[in-house]
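Only one structure is covered here, and it is reproduced in the block below.
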Amino acid sequence: MANLVSFLNFQILLYLQSLIYNLPYKDNIDIIFPNLPGCVSNADSMDEAVKNAKEVLALHLFGMEEDNIQIPLLVDVYMPLYRETTQNTSVKTTITMPQWLKSLAEKNNINFSQVIQTAIKQKLDING
């Protein structure tokens, strides 16, 4: 696993060489990947910029994969680790229900996220 992580970090660092840091304001760093339109971010410090650059790059490449868009590779990027992480990231969603039901569920310590996930998995016939 350590070899795979080292390989992945090496590949991402090679891709990051095409990155442009722009300093339009004293405390703001723009992050731009010119060969990936729309792959942009920003940061307040150089450490945060490196972290954000890796994250936005992985998310952008993941989105391109999901949309079946050819990735203009500078190097061969290994995506499975980022893909799995992104697909399994929890996201917040809003639901609507009657107030009485919400109050009753809260009084009974119902975990809304767990109940909704279980119900959706049952509806979609997904095990696990």
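The values are calculated or read from the model by the stated rules, or taken from the named source; none is laboratory data. What you see is a predicted model; the values in this text were computed from it and never measured. Note that we place each Cβ from the backbone using ideal geometry, even for glycine, and neighbour counts take in every protein chain shown.
Checking each residue in segment 14-73 for being of a type in the set (Gly, Ala, Ser), assigned to a helix (DSSP H, G or I) and at pLDDT below 80 picks out no residue at all.
Annotation note: Cβ proximity below 8 Å between a residue of segment 63-82 that is under 15 Å from Cys39 (Cβ atoms) and surrounded by 13 or more Cβ atoms within 10 Å (Cβ to Cβ) and a residue that is modelled with pLDDT under 60 and of a type in the set (S, T, N, Q) (sequence gap 6+ or interchain) occurs for Leu74/Gln17; Leu74/Ser18; Val77/Gln11.
In segment 23-42, what residues are within 25 Å of Glu84 (Cα to Cα) and in contact (Cβ under 8 Å) with a residue 12 or more places away in the chain?
If we filter segment 23-42 for residues that are within 25 Å of Glu84 (Cα to Cα), which is where we start, we get 31-33, 35-42.
Across segment 23-42, the qualifying residues are Ile31, Ile32, Phe33, Asn35, Leu36, Gly38, Cys39, Val40, Ser41, Asn42.
With the condition kept exactly as written, say whether any residue in segment 83-100 is out of contact with any helix residue (DSSP H, G or I) (no Cβ under 6 Å at 6 or more places or on another chain), hydrophobic (A, V, I, L, M, F, W, C) and surrounded by 13 or more Cβ atoms within 10 Å (Cβ to Cβ). For segment 83-100, residues out of contact with any helix residue (DSSP H, G or I) (no Cβ under 6 Å at 6 or more places or on another chain), hydrophobic (A, V, I, L, M, F, W, C) and surrounded by 13 or more Cβ atoms within 10 Å (Cβ to Cβ): absent.
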